[in-house]
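Taking it in order: structure first as structure tokens, then the write-up.
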Amino acid sequence: MDNDRLWQLIEQARLLAADPTDAEEVASHAATLLADHPPAEILQGVCSRIMMAGPA
């Protein structure tokens, strides 16, 4: 999952939330939306972002 797709998913989660500033509610909706994606797709995006960030 690339950055653009991840942010689209987060925007969807904000739209689903009664209060889009409620981080816990947005996170809950985001988790539900992420659950529809294969774990490998999510991990691929996470790993690529870590690799791009380089060493801490």
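The values are calculated or read from the model by the stated rules, or taken from the named source; none is laboratory data. Just so it is clear, the structure is predicted and the values come from calculations on it, not from any experiment. Backbone-built Cβ (ideal geometry, glycine too); neighbour counts: all protein chains shown. The accessibility values were calculated without ligands, DNA or RNA, using every heavy atom of the protein model including side chains. Shrake-Rupley method; radii C 1.70, N 1.55, O 1.52, S 1.80 Å.
Number of residues in region 18-47 that are free of Cβ contacts under 8 Å to residues at least 24 places away in the same chain, surrounded by 10 or more Cβ atoms within 10 Å (Cβ to Cβ) and of a type in the set (Gly, Ala, Ser) equals 5.
The single condition among (1) outside any loop (DSSP other than H, G, I, E, B); (2) over 10 Å from the mean Cα position of the chain (by Cα) that THR21 does not meet is (1).
Residues considered: LEU43, LEU16. Of these, the only one that is out of contact with any His (no Cβ under 7 Å at 6 or more places or on another chain) and not hydroxyl-bearing (Ser, Thr, Tyr) is LEU43. The residue of region 1-17 that is most open to solvent (accessible area, probe 1.4 Å), among those that are at pLDDT below 95 and in a loop (DSSP other than H, G, I, E, B), is ASP2.
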